[in-house]
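Worksheet for the structure shown next.
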Amino acid sequence: RKLRNGCIEGSFRVGACNGRDLYGMIARSPDYIKGYWIQLTCDGTWALISWDGSNKTVLTKGEDTGNIILSGADKTNRIGFLLKDNSIKVYVNGKPLTEVVNSDYPEPGSFGAFIASSNTSNFTVRVDEFSYWDTP
């Protein structure tokens, strides 16, 4: 399924983790590599990235000073993208995390989850209730 305008969300339950172990979602991907990536780390930082397969552009990033992200091991975070034309909004646990305007990936694309270990052997994340719906 490819999505241009719409909502994507999923619940991510993190196992044992540490530091910069990261996980999140990709949207509007033409090839399962390129697209928009929202990544959360186990230490509570986050970044919204445009990735072209070779180079990443950090659209915005930060530390969770608003206690929106449940950081650390054995936590569950609900991550969501709201995509409308060039507007990209990211929500975590039902609260707005960031919003940007970007036109790198204007076409419909695939979406999904990702995980990357930096510090923890056998880092695992369980994804539950992955949902999407189109918006006009």
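The values are calculated or read from the model by the stated rules, or taken from the named source; none is laboratory data. Please read these numbers as outputs of a predicted model, since none were measured by experiment. Using ideal geometry, Cβ is built from the backbone for each residue, glycine included, and neighbour counts are taken over all protein chains shown. All accessible areas refer to the heavy atoms of the entire protein, side chains included, with ligands and DNA or RNA removed. Shrake-Rupley method; radii C 1.70, N 1.55, O 1.52, S 1.80 Å.
Anything in the range 119-136 that is of a type in the set (Gly, Ala, Ser) and open to solvent by less than 80 Å² (accessible area, probe 1.4 Å)? List them, or say none.
Residue satisfying the conditions is SER131 alone.
Answer with yes or no whether ARG1 is farther than 16 Å from ILE115 by Cα, among the charged types (D, E, K, R), open to solvent by less than 30 Å² (accessible area, probe 1.4 Å) and in contact (Cβ under 8 Å) with a residue 24 or more places away in the chain.
Spelling it out, it is not the case that ARG1 is farther than 16 Å from ILE115 by Cα, among the charged types (D, E, K, R), open to solvent by less than 30 Å² (accessible area, probe 1.4 Å) and in contact (Cβ under 8 Å) with a residue 24 or more places away in the chain.
Would you pick out the residues in the range 55-74 that are assigned to a loop (DSSP other than H, G, I, E, B) and either without any contact (Cβ under 8 Å) to a residue 12 or more places away in the chain or over 16 Å from the mean Cα position of the chain (by Cα) (or both)?
Within the range 55-74, ASN55, THR65, GLY66, ASN67, GLY72, ALA73, ASP74 meet the criteria.
I'm trying to understand the selection: among the residues of the range 94-114, which are in a strand (DSSP E or B) and open to solvent by 80 Å² or more (accessible area, probe 1.4 Å)?
LYS95, PRO96, GLU99, VAL101
Of the residues ASP64, ASP52, which single one is farther than 20 Å from PHE12 by Cα and charged (D, E, K, R)?
Just a single option satisfies the conditions, and that option is ASP52.
Sort out which residues of the range 72-92 are surrounded by 19 or more Cβ atoms within 10 Å (Cβ to Cβ) and either among the acidic types (Asp, Glu) or within 16 Å of ILE115 (Cβ to Cβ) (or both), and write them in order of number.
ASN77, ILE79
I'm trying to understand the selection: among the residues of the range 22-44, which are at negative phi, open to solvent by less than 20 Å² (accessible area, probe 1.4 Å), in a strand (DSSP E or B) and not small (Gly, Ala, Ser)?
Result: TYR23, MET25, ILE26, TYR36, ILE38, LEU40, THR41.
Quick one: in the range 53-63, of everything that is open to solvent by 30 Å² or more (accessible area, probe 1.4 Å) and in contact with a strand residue (DSSP E or B) (Cβ under 9 Å, 6 or more places away or on another chain), which residue is farthest from SER87 (Cα to Cα)?
GLU63
I'd like to verify a number: residues in the range 96-136 that are without any contact (Cβ under 8 Å) to a residue 60 or more places away in the chain, over 20 Å from TRP51 (Cβ atoms) and in contact with a strand residue (DSSP E or B) (Cβ under 9 Å, 6 or more places away or on another chain), how many?
Residues flagged as without any contact (Cβ under 8 Å) to a residue 60 or more places away in the chain, over 20 Å from TRP51 (Cβ atoms) and in contact with a strand residue (DSSP E or B) (Cβ under 9 Å, 6 or more places away or on another chain) within the range 96-136 amount to 1.
For ILE49, only one of the following conditions fails: (1) in contact (Cβ under 8 Å) with a residue 24 or more places away in the chain; (2) buried (at least 16 other Cβ atoms within 10 Å of the Cβ); (3) over 21 Å from GLU129 (Cβ atoms). What is its number?
Of the numbered conditions (1) in contact (Cβ under 8 Å) with a residue 24 or more places away in the chain; (2) buried (at least 16 other Cβ atoms within 10 Å of the Cβ); (3) over 21 Å from GLU129 (Cβ atoms), the odd one out for ILE49 is (1).
Run GLY19 past the list (1) assigned to a loop (DSSP other than H, G, I, E, B); (2) touching a strand residue (DSSP E or B) at 6+ places or on another chain (Cβ under 6 Å); (3) open to solvent by less than 70 Å² (accessible area, probe 1.4 Å) and report the number of the one that doesn't hold.
All conditions are met except number (2).
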